[in-house]
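Structure, as structure tokens:
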Amino acid sequence: MKSLILIVSLVASLSARGAEFDYQTIAERHSGHALQADAVAEAVMQGECLVGLKALNFKKRDDFDPIAEWTSFRSISLLEQFPPCQVLIMMEVAQRHVRADQPE
């Protein structure tokens with residue numbers, strides 16, 4: 001799982017440097033080692049879940065949000081143990097329950 005996160009991170013950071021380092025171009029250059037379609041689809045889904053975690057934890061707010069701060073901190077440690085989509089689900093549930101328990 002850590003290697004998947006590393007691959008997604010590397011692909012994202014390298015894409016900023018130029019189109020010759022996007023996954024599709026690299027896969028074409030190294031076609032014998034490219035990921036199968038289902039593995040690419042899985043990686044895309046995990047990448048989208050990482051974006052979901054970012055959106056969940058870093059919503060634009062005028063005030064400090066201690067709940068988002070709490071889930072952001074825990075998301076990092078959970079990403080070392082679980083795939084991004086599982087962490088996203090856990091953090092969505094956690095935020096929903098913690099917010100429901102807060103007094104108005």
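Figures for the structure shown
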read-out: Label point distance in nm, D62-E80, each placed 7 Å from Cα along Cα→Cβ; value: 3.8
read-out: Integer Hz, Karplus 6.51/-1.76/1.60 couplings in order for the range 65-70, x for Gly and Pro; value: 10, x, 5, 4, 5, 5
read-out: Order by protection proxy (mean Cβ within 10 Å, highest first), peptides 64-75, 29-40, 83-94; value: 83-94, 64-75, 29-40
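None of the figures in this text is laboratory data; all of them are computed from the coordinates on show. What you see is a predicted model; the values in this text were computed from it and never measured. No Cβ is skipped: glycine too gets one built from the backbone with ideal geometry, and neighbour counts run over all protein chains shown.
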